[in-house]
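Asks: Okay, handing you the structure first.
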Amino acid sequence: MYRYDEFDHGFVAARTAQFRDQVERRLSGELTEDQFKPLRLMNGVYLQLHAYMLRIAIPYGTLSARQLRKLAHIGRVYDKGYGHFTTRQNIQFNWPALKDIPAILDELASVEMHALQTSGNCIRNVTTDHFAGAAADEIADPRPYAEILRQWSSIHPEFSYLPRKFKIAVTGAPSDRAAIQLHDIGLELKRGPDGATGFAVYVGGGQGRTPMIAHKVRDYLPEEELLTYIEAVMRVYNLHGRRDNKYKARIKILVHETGAAEITRQIEAEYEEVRKTDLLRLPESEIQRIAAYFAPPDLPEKPARSGALEAAKADSREFATFVENNVTPHKAAGYGVVTVSLKPIGGIPGDATDRQMEVVADLAERYSQSEIRVSHEQNLVLPHVALDDLPALYASLKAQGLATGNAGLVTDIIACPGLDYCALANARSIPLAQDLSTRFGSPERQKEIGELKIKISGCINACGHHHVGHIGLLGVDKRGEEVYQITLGGSGDETASVGALVGPGFKTEEVVDAVETVVDTYLRLRESPDETFLAAVRRLGQQPFKEALYGAA
Amino acid sequence: MTTEQTAADLPIWRDGRFQADEWALAGEGEAVSEGPALLPLARFLAEREALAARNAPLGVLVEPNEAIEELAPHLDRVALVALNFPKYADGRAMSSARLLRERYGYRGEVRAVGDVLIDQMPLMRRCGFDAFAVANEPTRRQLAAGKWPDVPFYLQPTGATTQHEIPAGTRPWARRPD
């Protein structure tokens, strides 16, 4: 993991002192709420429906056991005993008092964390593959590059007052688990013609009101050019992105209105100019120095097959299901990457109690090199677990309600906070997620359905990523009533696509039945159990689902 | 010193103190003064040949939707570039200031005008601004009291000429104030 040096510690301490002063000026009335707003947002503080909300950055979703314990402590002392992991690999606390927030930031600084740029019209937390550094299919670990981008984008003097927020995602594997084509900038690590490391660069993806898949603007960018090129993209956006309408201010709209070819030309022209200064070229030695922090852990050699694991699987079907769904192959033989589901049947997606966080921190120390990841699917991940240890790990997780074997299945639902917390929402998201989870909760039913991603947003801003749900649910307000629209066929992976609306929306009391109708239609029409829901929708189109939901036309 | 009395007389924050504004703005159709004159970019570009005969300094006021590239060929005749912030949250002039300093090597005054607030001023300076027209009273009070809410650990080599920044450690993008 990256470790702060004196400079990084000084940076975060100075920033916290600066924000403490701003909070005092707000509390004294010297700063108006309007003047305070962009300052608090760039420190992760939102004003929500009932209270201030603090969003803490978990850079590229990587946490140490010590850091997770600190988050548990903050949840216990300053909140109501829990935290909420978000779709951007961050954590939110929903009930802190504004006056306590500088103290919370001090607590975070003591474990090399902060809440910087988790909000506001700046470059946000850089996200990546939650299996980075562990997944068997990886070309290179994307986190060193995400860390370089995190540093360079922190309090960037030129890019702190952009037209709108700006999100960058990096993947190091061809299986895209970071949804890079749905980001303002998406970076895909790849090998160049000479065997060197570089990136394919995508620009202009995003969800929200106007979902768009990013355009590839560069097939290959050498790694040492990363910051030079990103600065060029940022400058073109800062100068030319729309500022007349916040709903048209993201870079995707600029790309769409300018045209991909023209925007590529502008970026390349700016890039040529920035290159001349040579200020941002990354020396190989510095890339390697940062990469060394993310060196693979020194795992004892193990045989590929674990007798203990096989015996435990034979012994318990529930455990075998957990292993099948929640354990992904590791680079190292005899190890696995374990998803700790924060989606208990009927529970609130992404919530973890202080006690659960403590337990996961303990288990990470015992079984996973003290490392934890947060996935954009709102689960936790223990990245380096010996297969021999899985039975014991499972037993400990189970005791805390953390052993739900549903990763990637129909009950592994993403949901935004919705009308229960959010000032923007039109509809509740969490209760719908809970009802769906309960409806499909039996292990047999989930196994029969197979891989199916349901994603729920409580309003058009799409924080629940409904556009890329295999089944997406969007809550809208229709004459004072909460209604849910269903989209089908979205995907956030390397075959990214935006789901299509299937027809008129459903009332709260109808929508769970409607989703079940969609699922049953799939089960009826799939060619074989090997054909996933997404594959079937892509083959069949919308018609059979329309007919099942609304009757033959 | 009560800032209320001096806001009209000494509106410009430069070199760590409030100073008088010696520049007179000449908008479209207004007379150009004898002394230092500030013209909107469009007027400057249209009348620059006639203005060349003048014997007093020229300044140019640039709005955020105007391209600084248009001014670039004429910078050797310009003693002041004023970049407007119609709203403090409009960051376009941040890019324009960096381009002026770093790409076009401009050494004259780069002044922030408009909605200039203290919390943005350290960032403005790192982008190349060296003067600030400050009307906001709380901002004036804080500046008068010696406040400058900078985070003196920089993670970008902005290359501005307005303040000295020195490399910090091995990261080529990290800087400290000199």
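A short reminder: the numbers here are calculations on the coordinates, not readings from a lab. Predicted model, so just to flag it, every value in this text is computed and none were measured. With ideal geometry, Cβ positions are generated from the backbone for all residues, glycine too; neighbour counts draw on all protein chains shown.
Asks: Using only the Cα atoms, work out Rg/Rh for the range A:6-109, with Rh taken as the Kirkwood radius, to two decimals.
Replies: Rounded to two decimals, Rg/Rh equals 0.95.
Asks: To the nearest 20 debye, what is the magnitude of the charge dipole of the range A:307-399 about its Cα centre, counting +1 on the Cβ of each Lys and Arg and -1 on the Cβ of each Asp and Glu?
Replies: 160
Asks: Rounded to whole Å and sorted largest first, what semi-axes of the equivalent ellipsoid does the C-alpha gyration tensor of the range B:11-115 yield via the square root of 5 times each eigenvalue?
Replies: 20, 17, 14
Asks: 5 Å is the cut-off here: which amide hydrogens, built 1.01 Å from N in the peptide plane, fall below it relative to residue B:136, excluding neighbours closer than 5 in sequence?
Replies: B:116
Asks: Now for a separate question. Based on the Kirkwood radius over alpha-carbon pairs, what value in µm²/s does the Stokes-Einstein equation return for the translational diffusion coefficient of the range A:142-291 at 4 °C and 1.567 mPa s?
Replies: Rounded, D is 83 µm²/s.
Asks: Within 10 Å of each residue's Cβ, count the other Cβ atoms and sort A:1, B:121 from fewest upward.
Replies: Going from sparsest to densest Cβ surroundings: A:1, B:121.
Asks: May I pose another question? Would you kindly derive the ³J(HN,Hα) couplings of the range B:67-84 from the backbone phi angles with the Karplus curve 6.51 cos²θ - 1.76 cosθ + 1.60 (θ = phi - 60°), listing them in order in whole Hz, with x for Gly and Pro?
Replies: 7, 5, 4, 5, 7, 3, x, 10, 5, 5, 9, 10, 9, 8, 10, 9, 9, 8
Asks: Dividing the Cα convex hull volume of the range A:75-125 by residue count, how many Å³ per residue is that?
Replies: For the range A:75-125, the hull spanned by Cα atoms encloses 93 Å³ per residue.
Asks: Right, next: Taking neighbour counts of Cβ atoms within 10 Å as a proxy for exposure, in what order, fewest first, do A:248, A:276, A:302 appear?
Replies: Ascending Cβ contact count within 10 Å gives the list A:276, A:302, A:248.
Asks: To continue, here is another question. Suppose each label sits 7 Å from its Cα in the direction of the beta carbon; what would the residue A:500-residue A:3 distance come out to in nanometres?
Replies: The answer from the label model is 5.5 nm.
Asks: Express in whole angstrom the spacing between the alpha-carbon centres of the range A:453-494 and the range A:1-72.
Replies: Rounded to whole Å, the Cα centres lie 30 Å apart.
Asks: Quick one: divide the alpha-carbon radius of gyration of the protein assembly as shown by 2.2 N^0.38 Å and tell me what you get.
Replies: 1.02
Asks: Shifting gears a bit: Would you mind ranking A:242, A:209, A:164 by Cβ crowding within 10 Å, fewest neighbours first?
Replies: So the residues, fewest neighbours to most, are A:209, A:242, A:164.
Asks: So what are the radius of gyration and Dmax for the Cα set of the range A:414-550, in Å?
Replies: So, for the range A:414-550, Rg and Dmax equal 14.1, 44 Å respectively.
Asks: Strictly greater than 15 Å: what percent of every Cα pair in the range A:223-288 meets that?
Replies: 55
Asks: Using only the Cα atoms of the range A:307-399, construct the convex hull and provide its projected area averaged over every direction, in square nanometres to one decimal.
Replies: Directional mean of the projected Cα hull area for the range A:307-399 stands at 5.9 nm².
Asks: If you don't mind, another one. Starting at the first residue of the range A:134-149, write each ³J(HN,Hα) from the Karplus equation 6.51 cos²θ - 1.76 cosθ + 1.60 with θ = phi - 60°, in whole Hz, x for Gly and Pro.
Replies: 10, 5, 5, 9, 8, 7, 7, 6, x, 5, x, 6, 5, 5, 4, 5
Asks: Which FRET efficiency, nearest 0.05, do residue B:104 and residue A:451 yield, Cβ-Cβ r, R0 60 Å?
Replies: My answer for the efficiency is 0.65.
Asks: To continue, here is another question. Just from its helices, what would the mean residue ellipticity at 222 nm be for chain A, if runs of 4 or more DSSP H residues each count -39500 (n - 2.57) and the sum is divided by every residue, rounded to the nearest 500 deg cm²/dmol?
Replies: Using -39500 (n - 2.57) per qualifying helix, the result is -11500 deg cm²/dmol.
Asks: Another one. In the P(r) worked out for the range B:92-178, what percent of Cα pairs fall beyond 15 Å?
Replies: Counting pairs separated by more than 15 Å, the tail of P(r) holds 59 percent.
Asks: Against the 2.2 N^0.38 Å scaling, with N counting residues, where does the range A:458-516 land? I'd like the Cα-based Rg ratio to two decimal places.
Replies: 1.10
Asks: What are the extents of the Cα atoms of chain B along their three principal axes, listed from largest to smallest and rounded to whole Å?
Replies: 52, 40, 27
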